[in-house]
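The values are calculated or read from the model by the stated rules, or taken from the named source; none is laboratory data. Here the structure is a predicted model, which means the values were calculated and not measured. Neighbour counts are summed over all protein chains in view; Cβ atoms, including those assigned to glycine, are modelled from backbone coordinates with ideal geometry. Areas reflect the complete protein model, heavy atoms only, side chains present, ligands, DNA and RNA absent. Shrake-Rupley method; radii C 1.70, N 1.55, O 1.52, S 1.80 Å.
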Amino acid sequence: MAHEKKGQTAMESTSAPGPVSYEKSEADVLEKQTMRRVVRRLVVLLFFVYILNYLDRTNIAIAKAEMAPAIGLTELAYGLGAGVFFIGYVLFEVPSNLVLYRVGARLWITRIMVTWGLVAMAMSLVQGPVSFFVLRFLLGVAEAGLVPGVLLYLTGWVPSLRRARIIALFYLAVPVSTVVGAPLSGWLMGFSPFGFEGWRFMFFIEGLPCLFVAALVFFFLTDSPAQATWLSNKQRTWLTDSLRRETSEHGAGHPHSLKAAVKDPRVIGVAFAFFAMIVPLYALGFFLPTIVRQAGTFTNTQVGFITAVPYVVASMMMVLLSRRSDKSGKRFQYYVVPALAGAGGLLLAAFTLGSYPAVALVGFSIGAVGCISTLPVLWSVVPFMLSGVAAAGGIAFITAIGNIGGFVSPYLVALIRGDNATLGTSSAAIAVNALFLVAAAISMFLVGRSLRKRTNMSTNESSDVTADR
C-alpha cells in the first residue's frame, strides 16, 4: 500500500525527472476516469443489491410488533428466529464463495438474488414459530456468499489506494437500507389489500424487487477487467496493469490455500473483530425499533424514522472514515478509535435510555458509527493478507465467523431482555454489546502489530498498515 499523499503510483515513480509532472497528470486523469466508470457501472448496482439484501434480512424488526402476536412468537422465539438466519448463512458461506470464484460473480450473484427474493416473498406466508424458523434458515442459505463474493469481486477491480472508499460505497447500503427501509416498512404495514395483513404485505412487496434487480446483475455485471468492453483500451490496460502490479508486490508471504488462510493468526484476528462488531450491529438492527417503542408512544412510521437517525449518522461517518483511511494509510487507527468511541456511545445509551431518551439516541448514533462506519476500513486490510483462492475462501471464512455474531446477537439480547422486557433489561443488553466493540478494537490493534512484523513488507506498505502506532 502506498501513501496517497505522496501523489504517485509505482509506475510513475520510475519516470524521468523532466516529464514526470505531465505523466503524473495524465495518469491521474486516466485513473479517475477509469474508476468513475467502474463505480457507475458496477459499484452503484451492487450498492442497490445490498440495500435489498440488508432490508430483507432485517425487516422482521419492523414487522415484529404485529407479526409476533399474530403467529404466537415469544421474545425468545423471535430472537432465535432472527438468529437462525445466520446458521444457514454461515454453513454455506465458504462453499458459495468458492463456487463464485470458479463460475464468476455475474452468474452466481444472479442466482443468489433470485433464490433469496423468492424466500423473502415466502415470509408473507409464515403461519407460526416453526415456519418462521424454517424460512429464516432458508433465507440465510439463499443469501450465503453475497457479501464475501462482492468483497472478493471488488478486490479484482479496485486498486488499494481507493479500496476503502469504494468498499464504503457498497457498505453504505447497510445504513441507507435502514434509513429508507425502516420508514418504508412501517408505511407498507399500513396497507391490507384483499384482507392481507399489513406485515405480510410488507414482506411480499420488499422481496419482489430482488427478481428484477437480478436481471440487471446478469446483464450489466462483468466478471473481470479484462472482459470490460465498456472501458476504453487505455483504461482497461491501466486497470489490469495496476492490479497485476499490486498482486506481484504484495502477494509474497500470503497464504495460498484455504487451509493456510484459516490458520493464519491475522485472518483469525480480523474474523474475531468482525464477529465482535456484528453482534452490536445486529442488536441495533433487530431490537432498536422495539426499544424505541418502549421509550415512548409512536406509530410504526414514527418508529421507522427515529430508528433511521443513527444510520444517517453512520452513513456520513462511513464516507469520512473511509476517505481519511485511504488518504492517510492509517487503516488501524481509523478502525480502533471509532470502535472504542462506539462502545462509549452504547454505554451512554444504556445509562440514559430510561431518563434521557434524546441523549440515548445520540449514544445509539455514536454506537452505530463504531459497528457500521468502520466496516470498509476493516475490509481494506484483508487484501494485504490474502490473494487468489485463499482470498476467496479466507474472505468467506471471515464473514462466516463474523456472521456467527448475527446468530449470537438477537438470541443474547432476547435472553437478557426476557419476555417481560423493561427499559432496565434493555439497558443491560446495550451495555453488553458495548463490550463486544471493545473486543473488536483490541483484536484489530493486535492484527496491526502483527502486520508490522512482516519481514517481506516494503517500507511504504509497512508504514501504511501500521502508521497508527
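The table for this structure:
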{"read-out": "Residues that are open to solvent by 50 Å² or more (accessible area, probe 1.4 Å) and under 16 Å from the mean Cα position of the chain (by Cα), drawn from the range 386-406", "value": "Ile401, Ile404"}
{"read-out": "Positions within the range 419-445 being over 15 Å from Gly342 (Cα atoms) and either out of contact with any helix residue (DSSP H, G or I) (no Cβ under 6 Å at 6 or more places or on another chain) or basic (Lys, Arg) (or both), in sequence order", "value": "Asn420, Ala421, Thr422, Gly424"}
{"read-out": "Residue in the range 37-46 that is part of a helix (DSSP H, G or I), surrounded by fewer than 17 Cβ atoms within 10 Å (Cβ to Cβ) and touching a Gly at 6+ places or on another chain (Cβ under 9 Å) present", "value": "no"}
{"read-out": "Whichever residue in the range 374-433 is more than 21 Å from Gly145 (Cβ to Cβ) and among the polar types (S, T, N, Q) and, among such residues, is modelled with the lowest pLDDT", "value": "Asn420"}
{"read-out": "The range 284-300, residues that are open to solvent by less than 50 Å² (accessible area, probe 1.4 Å) and in contact (Cβ under 8 Å) with a residue 24 or more places away in the chain", "value": "Leu284, Gly285, Phe286, Phe287, Leu288, Pro289, Thr290, Ile291, Ala295, Gly296, Asn300"}
{"read-out": "Boolean, Ala439 is open to solvent by less than 50 Å² (accessible area, probe 1.4 Å) and more than 17 Å from the chain's Cα centre (by Cα)", "value": "yes"}
{"read-out": "Search result, residues across the range 434-469 that are more than 24 Å from Gly405 (Cα to Cα), among the hydrophobic types (A, V, I, L, M, F, W, C) and at pLDDT 50 or above", "value": "Leu451"}
{"read-out": "Residues located in the range 225-244, provided they are outside any helix (DSSP H, G or I), surrounded by fewer than 15 Cβ atoms within 10 Å (Cβ to Cβ) and in contact (Cβ under 8 Å) with a residue 12 or more places away in the chain", "value": "Trp230"}
{"read-out": "Hey, Gly83 farther than 25 Å from Leu216 by Cα and of a type outside the set (A, V, I, L, M) or not", "value": "yes"}
{"read-out": "Helices (runs of 4 or more DSSP H) within the range 135-223 that include 2 or more residues open to solvent by 50 Å² or more (accessible area, probe 1.4 Å) and of a type outside the set (Gly, Ala, Ser)", "value": "173-188, 198-207, 209-220"}
{"read-out": "Residue match in the range 316-327 (condition: charged (D, E, K, R) and under 30 Å from Pro95 (Cβ atoms))", "value": "no"}
{"read-out": "Which numbered condition Arg102 misses (of (1) in contact (Cβ under 8 Å) with a residue 24 or more places away in the chain; (2) within 21 Å of Phe219 (Cα to Cα); (3) of a type in the set (Lys, Arg))", "value": "(1)"}
{"read-out": "Total residues in the range 59-83, condition buried (at least 23 other Cβ atoms within 10 Å of the Cβ) and β-branched (Val, Ile, Thr)", "value": "2"}
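Okay, residues lined up against (1) in a helix (DSSP H, G or I); (2) small (Gly, Ala, Ser); (3) without any contact (Cβ under 8 Å) to a residue 24 or more places away in the chain:
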position	(1), (2), (3)
Gly269	yes, yes, no
Tyr282	yes, no, no
Met316	yes, no, yes
Lys327	yes, no, no
